[in-house]
Amino acid sequence: MTTIAELPPGFVDKVLSAQSTFRSVMDAMARPGSVQRIVPMAGAPGPMMRGTAAIALTLFDHDTPLWLDAPMSESSDVVKWLKFHTGAPVIQDSSIASFALISDGAALPGFERLALGTNEYPDRSTTLILQVDSLDAGRSFELRGPGIDGAATLHATIGPADLFERLRINEALFPRGIDVVLVADDAVVAIPRTARVANKGS
């Protein structure tokens, strides 16, 4: 049984690391499809990647309910680490989650099971953080919309196979819908709800 002392540490320099991570995430949201780098932290628990851990340390607190997929929720190290370092409550009802952490694309719930916000308060939707194997290989997506000069091409080794269809449904819900952040180790790419998505195949 893992004790608190045995859990991976958080940021060595909390202020500078949180500022750097926040800037990387905001740059990713402002320029959809662009790969941004997060300065690696000392470690991450279980199936959680370093980039995901850094985002958690930066954005999560006791007012941000989290929903975890099975690999993460079944990892006592992940749950303990999140509770100790962020205080964020882990919940069972994905429809009220501020963030959803997905380590296995095959276990990604339907977007309709997440909080989609409202026309008046679209910011009350879930932000989906989806871990992928790579952001420089695999399937190709073309993104257009605010923050993109013409079009941006996103490559991702990613599941599930119907992600493109889900993103198109998400696009149609605008201004409701969710923001998606893809994480591959210390690299992040954002697909905000404002982005228009086209499938370019492999």
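The values are calculated or read from the model by the stated rules, or taken from the named source; none is laboratory data. As the structure is a computational prediction, the values presented were derived from the model and not from experiment. Glycine gets a Cβ as well: all are built from the backbone with ideal geometry, and neighbour counts include every protein chain shown. Only protein heavy atoms, including side chains, enter the accessible area calculation; ligands, DNA and RNA are left aside. Shrake-Rupley method; radii C 1.70, N 1.55, O 1.52, S 1.80 Å.
Under a 10 Å cutoff between Cα atoms, tell me which one of 90, 78, 39 has the largest fluctuation in the Gaussian network model of the chain.
Looking only at 90, 78, 39, the biggest GNM fluctuation is shown by 39.
Just the number, please: carbon plus sulfur as a percent of the accessible area of region 136-202, 1.4 Å probe, no ligands or DNA/RNA counted. Please report the intermediate quantities before stating the final value.
Working: 1440 of 2850 Å².
Accessible surface attributable to carbon and sulfur in region 136-202 totals 51 percent.
Among 72, 194, 98, which residue has its Cα furthest toward the positive end of the charge dipole of the chain, with +1 on Lys/Arg Cβ and -1 on Asp/Glu Cβ?
Projecting each Cα onto the dipole axis, the largest value belongs to 194.
Please compute P(r) over all alpha-carbon pairs of region 38-92, binned at 5 Å starting from zero, and give each bin as a whole-number percent.
Percent of Cα pairs in each bin: 4, 21, 33, 28, 12, 1, 0.
What whole-number value in Å² describes the accessible area per residue of the chain for a 1.4 Å probe?
Working: 9420 Å² over 202 residues.
Accessible area per residue: 47 Å².
Sequence neighbours fewer than 8 away in the same chain don't count; with that in mind, list the lysines whose C-alpha is under 29 Å from residue 200.
List returned: none.
Using the eigenvalues of the Cα gyration tensor, what equivalent ellipsoid semi-axes result for region 5-150 when each is taken as the square root of five times the eigenvalue, whole Å, largest first?
Square roots of five times the eigenvalues give 23, 20, 16 Å.
For region 134-181 and region 67-93, what is the separation of their C-alpha centers, rounded to whole Å?
26
Given R₀ = 22 Å, FRET efficiency for residue 198-residue 30 by Cβ-Cβ distance, to 0.05?
0.60
When the helix-only estimate is applied to the chain (DSSP H runs of n ≥ 4, each -39,500 (n - 2.57), divided by the residue count), what is the mean residue ellipticity at 222 nm, nearest 500 deg cm²/dmol? Please list the in-between numbers first.
Numbers: 5 runs with 51 residues, N = 202.
My calculation for the chain gives -7500 deg cm²/dmol from helical runs alone.
Where in the chain lies the longest segment free of GluC sites (Glu not before Pro) that are both loop residues by DSSP (not H, G, I, E, B) and have at most 14 other Cβ atoms within 10 Å?
Details: sites that count: 74, 120.
So the longest stretch without any such site is 121-202.
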